[in-house]
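What follows is one structure encoded as structure tokens, with my remarks underneath.
What follows is calculated from the coordinates using simple rules that are stated; it is not laboratory data. Since we're looking at a predicted model, the values are computed, not measured. We place every Cβ from the backbone using ideal geometry, glycine too, and count neighbours over all the protein chains shown.
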Amino acid sequence: MAAPQSSGEIAYNGSMKILVMEDDREAADYLQKAFAEAGHTAHVAGDGETGFALADAGDYDVMVIDRLMPRRDGLSVIAALRSRGNTTPVLILSALGEVDDRVTGLRAGGDDYLTKPYAFSELLARVEVLNRRAGARESETIYRVGDLELDRLSHSVKRAGREITLQPREFRLLEYLMRHAGQVVTRTMLLENVWDYHFDPQTNVIDVHVSRLRGKIEKGFDKPILHTIRGAGYMLKGG
Amino acid sequence: MALSLPAIMRTTAARLSALYFLLFALCAVLLVFYMTSLSASMLTGQTKDTINDEVLGLARAYQRGGLPVLVRVVEARSRQPGANLYLIADANGQILTGNVQSLEPGVIETVGWTSEPFSYQRFGEGELDRMRGGTSDQTTPQTGENSAQSEGEKGHNAIALVLRLPNQMIMLVGRDLGEPERFRAVIKRSLMLALGMMGLGGLLIWFFVGRAALRRIDSVSDASRRIMGGDLSGRLPVTGAGDEFDRLSENLNTMLARIAMLNEGLKQVSDNIAHDLKTPLTRLRNRAEATLAGKHKTTDYRQALEGTIAESDQLIKTFNAILMISRLEAGYSSETTSPVDLAATVSDVVELYEPVAEEAGVVLDATVPEAITIDGNRELIGQALSNIVDNAIKYSTGATESPKVRVTLERIGGELKLAVTDNGHGIPDDADRARATERFVRLEKSRSQPGSGLGLSLAKAIMTFHNGRLDLLPADPGLSVVMSFPVRGTN
């Protein structure tokens, strides 16, 4: 679990204020340090009550909440915050990894769910995607990254004015990458959001899909646009 | 097995028997009382009828010839053997004639039926009693219950009708109660005897039946004790009688089999963890140690750390897979089922693997019908299928000129068969094929391929979770891995 070496330079899209609720002192310190290295500010709460008080008072961009904490468990903290009108995006950390545990977590008001043990690069990528200041692109119908353009209504993709034909799944893959342009997107995030599966494929099938897509959107154009971030994932970024 | 009395009384069988016995005895005693009182009142009624008839006859005699005829008739009847009691006294109660020598004072003072049986003595009997040294006249009022026992010792009991003749003389016509009382005593004795027999029978049945039950229970507890002692292969005795004890034993045996299976699974998991996690952990540690030992450039350290991370990730994957298999097999997974379009899931997974197959030069094609909905867990089925397709692509790559993986989904009989067939080398040996789904089993030829050896075990556990099967069949050439889902309802 190392901080991704490259995220500092490429994935950095504005500093975030993050609240970490984690009762394991060592893990919390590590997260605080790693978030700081990635250019973010993280505050740590060692139990649910303290976490709830901090979250209720402070203005955080993203919260990372451990599911099992002393004094008050993560899900009840989230539910309490949501009932008070707090809409700060929450990523739940949990040792419980079955699909139904994930569903319970998301139903309680969490926005994303990560099973322990996790790679920090994965956590960072997910937190950055959750960042509410990154702006909601859900409502936009046309995504533009550099000279690449994707029309969500007509399902057409153009680069530098040239039409690119994509398979339905490739279109969804590109759509997700473009929605989170400038952010690191991990392989598991792609599998979850584009294929709706949460398991770990034995072979890295996602890489092959991405390289196919890359072939279509980069071949014949001089500038690379879909970057591989070593040890983390991919990022779509215009020149 | 010898048991002391307190020990016997502690058994459920003995307690139940005792309770039944008590209830039974209570009913029997009630029956005795009811029958004796019923028969007594019936006999008393008969006696009264007889007396009424006598009185009628005497009344006619009196009408015919007045007192002299009456006296004559009374004297004649008194002398007959087994005669009723007759007594004629004057207005002051002085006995004039009849076969009664003495009776309880006060009996003839009240006209009508005597309210209670009274004691009396016939002529001739008083002398006999006195000769034997018995007492006679001072008798106490007796009830019907104990009069039977005192009969012969304290005179006889009788009931009588007392009348006053027109000339104020008193006439008594009575009947000895000896016969009804004897009858009642006989009934009572026989009922008591029956009760005693019943009690004895109950005790015998309790002894034999209860002991048989106790023996069965003891054998079950003995077997349990042996099993608790650590012999999980032990089973409770089943006699084949098909009774409740057999059913109990059978259920307990099924439970034991399940426990043994879980225990075996647990043991296997710990063995496998020891083996398959220790090895990479040791490698991890050695690599870190080696990196620390020498003098290296920064890039070397970075490389070593990256290797460490990659190795840890693999460890975590393996660990997760072991955990998942164990949970699914043990049946305590929290995963739930819901309607899943199996055909769509198959298409998804095939589409997911298509680029990988193409890159490896393997033709991956799927024959999938329209929508087929089953009750299942999409995530788990997707994972199982992706493991199988992953394997098929790996093992057919380079095995032939034109490697091919076919995925078919069809309904055969009561099952949905999802088959992944490759044309690689397959697993020719039957025993090897059977072993391939066991945890961490990596057949010799596959040692060179990357993987944890858990893919097929996980798929098998997932099929078990879905009440289905995972079969490995020879495809000649190649291998066909068939996931069979049971079809419920009329889908």
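Separation of the range B:287-362 from the range B:210-285 is 35 Å, based on Cα centroids. In chain A, Cα pairs under 8 Å separated by at least six residues give a relative contact order of 16 percent. Counting only other residues whose beta carbon sits under 10 Å from that of B:Ala392, what net charge do I get with K and R as +1, D and E as -1? Net charge in that neighbourhood comes out at +1. Applying the criteria of a DSSP loop state and at most 16 other Cβ atoms within 10 Å to the trypsin sites (Lys or Arg not before Pro) of the range A:70-179 yields A:Arg71, A:Arg72, A:Arg84, A:Arg137, A:Arg152. Put in order of Cβ neighbour count within 10 Å, fewest first, the listed residues A:Leu114, B:Leu191, B:Leu23 become B:Leu23, B:Leu191, A:Leu114. Where the centre of each part is set by its Cα atoms, how far does the range A:33-111 sit from the range B:379-413, in angstrom? Between the Cα centres of the range A:33-111 and the range B:379-413 lies a distance of 41 Å. Peptide A:205-217 has a mean of 3 when you count, residue by residue, the C-beta atoms of other protein chains within 10 Å of its C-beta. Partner shielding of B:347-355 amounts to 5, given as the average count of beta-carbon atoms from other chains within 10 Å of each residue beta-carbon.
What net charge is computed for the residues neighbouring A:Val194, neighbours being all others with C-beta under 12 Å from the C-beta of A:Val194, Lys and Arg scored +1, Asp and Glu -1? Overall, the nearby charge balance is -2. Each residue of the range B:406-415 was assigned a 3J(HN,Hα) from its phi angle through the Karplus curve 6.51 cos²θ - 1.76 cosθ + 1.60 (θ = phi - 60°); the sequence is 10, 10, 10, 10, 8, 9, 10, x, x, 10 Hz, with glycine and proline shown as x. Using 0.36 nm per residue and subtracting the Cα-Cα separation, the extra length available between B:Asp365 and B:Asp313 on full extension is 15.6 nm. For peptide B:465-478, the mean count of partner chain Cβ atoms within 10 Å of a residue's Cβ comes to 0. Distant-in-sequence amide contacts of B:Ile372, defined by a placed amide H-H separation under 5 Å and a gap of 5 or more residues or a different chain, comprise B:Leu342, B:Ala343, B:Ala344. Taking every DSSP bridge with both residues inside the protein assembly as shown, close to 75 percent are antiparallel. Among the GluC sites (Glu not before Pro) in the range B:238-298, none sits in a DSSP loop with a Cβ that has at most 12 other Cβ atoms within 10 Å.
In this structure, B:Arg79 and B:Met35 have a Cβ-Cβ separation that, at R0 = 35 Å, corresponds to a calculated FRET efficiency of about 0.40.
When each of B:Lys295, B:Lys48, B:Lys278 is scored by the number of other beta-carbon atoms lying within 10 Å, the sequence from fewest to most is B:Lys295, B:Lys278, B:Lys48.
Phi-derived couplings, Karplus 6.51 cos²θ - 1.76 cosθ + 1.60 at θ = phi - 60°, listed residue by residue for the range B:464-478: 4, 4, 8, 6, x, 9, 10, 10, 10, 10, x, 10, 6, x, x Hz, with x used for Gly and Pro.
Checked against a 29 Å cut-off, the cross-linked pairs A:Lys17/A:Lys158; A:Lys237/B:Lys295; A:Lys237/B:Lys394; A:Lys216/B:Lys404; A:Lys116/B:Lys278 give Cα-Cα distances beyond that limit for A:Lys17/A:Lys158; A:Lys237/B:Lys295; A:Lys237/B:Lys394. Loop-located GluC sites (Glu not before Pro) across the range A:136-206 with a Cβ neighbour count of 16 or fewer within 10 Å are A:Glu138, A:Glu140, with loop assigned by DSSP. Just to confirm a number: summing +1 for Lys and Arg and -1 for Asp and Glu over residues other than B:Ala371 whose beta-carbon lies under 15 angstrom from that of B:Ala371, what do you get? Local net charge: -3. The residues A:Tyr143, B:Tyr353, when put in order of fewest to most other Cβ atoms within 10 Å, stand as A:Tyr143, B:Tyr353.
Taking packing as the residue-averaged number of other Cβ atoms within 10 angstrom, the listed peptides B:223-232, B:306-315, B:378-387 run from highest to lowest as B:378-387, B:306-315, B:223-232. Panel values: the protein assembly as shown, Kirkwood radius from alpha carbon pairs, Stokes-Einstein at 25 °C and 0.890 mPa s, translational diffusion coefficient 69 µm²/s. If you bin all the Cα-Cα distances of the range A:21-166 at 5 Å, starting from zero, the percentages per bin are 2, 9, 17, 19, 16, 11, 8, 7, 6, 3, 1, 0.
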